[in-house]
Amino acid sequence: MSLPPGFLDELRTRTSLSQVVGRKVMWDTRKSNQGKGDMWAPCPFHQEKSASFHVDDRKGFYYCFGCHAKGDAIAFVRETENVDFMEAIKILASEAGMPMPERDPQAQVKADRRTLLVEVMEMAANYFALQLKTGAGGAARAYLDGRAMAQATRDKFGIGFAPDGWQSLWDHLRGRGVAEDLIFGAGLARASQKGGKPYDVFRNRIIFPIRDARDRCIAFGGRAMDPDDTAKYLNSPETELFDKGRNLYNHGPARAAAGKGQPLIVAEGYMDVIALVEAGFGAAVAPLGTAVTETQLQLLWRISDEPVMALDGDTAGLRAAYRVIDTALPLLEAGKSLRFALMPEGKDPDDLIRAEGAGGVQKVLSNAMPMVRLLWQRETEGRVFDSPERKAALDKVLRDRIKQIPDPSLRSHYGEDIKQLRWTLFRQRPTKPRGPAGWGKNAWNAPQPPSASAKASLLVSADEQAQVQLREAVILAALLSAPELVEAFEPQLEAMPCSDPMHRDLRDCLLRSLGQPADAVRHHAEQAIGGQALETLFAARHVAITPCVRNPGNTELARMTVAEELAKLEAHRRQVLGIAEGVEDLQGDLADESVTWRLGQAAEARSFAERAQQEDSADYVTAENGVQLDAEQLQRSRALFESIDVTRGGKPRKSH
């Protein structure tokens, strides 16, 4: 079976050799450099202990310095799976998500045609480059001079010029004997709708050749010289050679530069890429007149695990960044992400380089934000969350966004970061009183003066809700002091309503940290609610005086404390529920003595739970008034009373 032209090229582009080989070998982590795609392992083809098997992931080839085995991903699958060429292609295509093409008897003919189309494109590229140096290209040269583009740079990128004529390129190619269908097939000319002679696609434009990863010219991009032209930039139409959503400008050179350790930068246009490359950022690419596609993201991740999106500092640049987020979220996996570097407002990378040089760009790149921060910025910037409904709406939007991430671990980490950002947004309050001139410069960091809310704090308030929050704080602090107990109280902890959002975040953190060591749990807790908030929790008087907090190593004491406080919370909940049901019954037609009995039972349960329920070795007896007393202490008290002679003014009796 013959494969259609370009199928193997795309398969190799989509396939990571290190992932294919990694299923059969154990990488030598000391010798390998994953960031550069330079991987080493013991050879899977012969018995050895040393790591002599080398995989160059960027070039897509392997070689063993012991047995001299070599090849690409297809050869590796053939050798290790013992299959023929086409079966190996099917295996790799299935992994890459590429459907196998139907049998095509004309495949060789099409391959020959593609070869001819590439030759036509190279002829056109040479023609455009020559036109830039003629008198017709004077205005274009002046424009490039104004952009400070040196002649060496023009030659390096093959910059050319399309004259302002309807059939200039057409006549040139026809004069060289190129068939009309090849000119049309290459996307260089269009047929006239008026029955006249075909006309050139590119006219009066500066030309940027677009090359694939193998450095073959497959398309052109043109910048209009006429400021009134309806399209400032124009790309070749899609052809047998060119699919704009599956290619990148400067792909091949950028891949080579990234292999040498340079950061992969994704700019918006040709001039930005050229300016970045000439400023020393050789691993720069650009999409081709469209939003970044899924295929282009996969191409980028083949080059680098964390490309930097360098976008213009304007509204359009932000919109482009947000579109990239929507495309990338369902594709994210561990080790594959994006960072975003937004240029100063009103500038693109080319402007910044001309104004501040490479240092200015490097500063922006160094401050590139992770994708989760830009996702948060998109959903919160310019909005006010001053009501529960607005906060809930934000939570829903963010949950829906994060659910798109397929990797559970990565999804969890995104959730943690979002939770921390949410905590900062909703918990941060101005701490400097408002004066006539508004807030001071350090209003967010200054100590907060006493206020009415502070005077009505939990330690001062005596209402039921305050008591619930106090008990929740003690439970959480006790479990943080002895996190190994979380598993024992997991069901009760999950059911704890958590009247304070901070308590809820801390409770969730404890449940997620099951089985982890105490130091790790403490670290996760600091990330969940912030180090300052955690210190405030432990410094609170009602927590600080708790015995198990003062003695963090006493697990049994912590167990008794948590059990007691959970029992009191449950009793309180039942009493509140019982009272509510009783009130409802009293207002109805079925009120009788059973309502009074139920209310009494609820109160008795609450009273019983309020007593200390610590499980120690003491025996208890119930006095006539219902109070529980330590049996041993009661016996000693009785002996003391019996020894007192009330007839002698309370003096002890004489012993006989």
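The values are calculated or read from the model by the stated rules, or taken from the named source; none is laboratory data. Nothing here was measured: the structure is a model prediction, and the numbers come from that model. Methodologically, a virtual Cβ is constructed for each residue, glycine included, from the backbone with ideal geometry; neighbour enumeration extends over all protein chains shown.
Some notes on this structure:
- Counting the residues of the range 320-345 that are within 10 Å of L374 (Cα to Cα) and in a helix (DSSP H, G or I) gives 3.
- Helices (runs of 4 or more DSSP H) contained entirely in the range 472-572, each with at least 2 residues that are free of Cβ contacts under 8 Å to residues at least 40 places away in the same chain: 490-495, 501-512, 518-529, 531-539, 547-550
- One residue from L398, L421, L410 being more than 20 Å from V384 (Cβ to Cβ), aliphatic (A, V, I, L, M), assigned to a helix (DSSP H, G or I) and at pLDDT 90 or above: L410
- Residue count for the range 254-276 satisfying the condition of being crowded, with 23+ Cβ neighbours inside 10 Å and out of contact with any Pro (no Cβ under 7 Å at 6 or more places or on another chain): 6.
- Cross-chain or 6+ apart pairs with Cβ under 6 Å, the range 396-409 first and farther than 19 Å from L421 by Cβ, then of a type in the set (A, V, I, L, M, F, W, C): D407/A334
- Hey, L480 closer than 24 Å to W423 by Cβ and of a type in the set (A, V, I, L, M, F, W, C) or not: yes
- Residues of the range 61-73 that are surrounded by fewer than 20 Cβ atoms within 10 Å (Cβ to Cβ) and under 34 Å from the mean Cα position of the chain (by Cα): F61, D72.
- Within the range 206-224, tally of residues that are over 34 Å from the mean Cα position of the chain (by Cα) and more than 16 Å from G289 (Cα to Cα): 2
- The combined condition, being in contact (Cβ under 8 Å) with a residue 60 or more places away in the chain and closer than 24 Å to R255 by Cβ, is not fulfilled by L17.
- Residue under evaluation V120, criteria (1) at pLDDT below 85; (2) touching a Leu at 6+ places or on another chain (Cβ under 6 Å), criterion not met: (1)
- Selected residue (criterion: surrounded by the fewest Cβ atoms within 10 Å (Cβ to Cβ)) from residues of the range 74-109 that are small (G, A, S) and at pLDDT 85 or above: A75
- Test for N247: is it under 30 Å from D38 (Cα atoms), at pLDDT 90 or above and of a type outside the set (V, I, T): yes
- Test: S50 is of a type in the set (G, A, S), under 24 Å from L300 (Cβ atoms) and in the same structural domain as T15 (by TED's automatic domain parsing): no
- Exclusive hit being of a type outside the set (V, I, T) and closer than 29 Å to G282 by Cα, set R174, R147: R147
- Checking P253 against (1) within 29 Å of the chain's Cα centre (by Cα); (2) within 21 Å of N126 (Cα to Cα); (3) in contact (Cβ under 8 Å) with a residue 40 or more places away in the chain, the condition it does not meet: (3)
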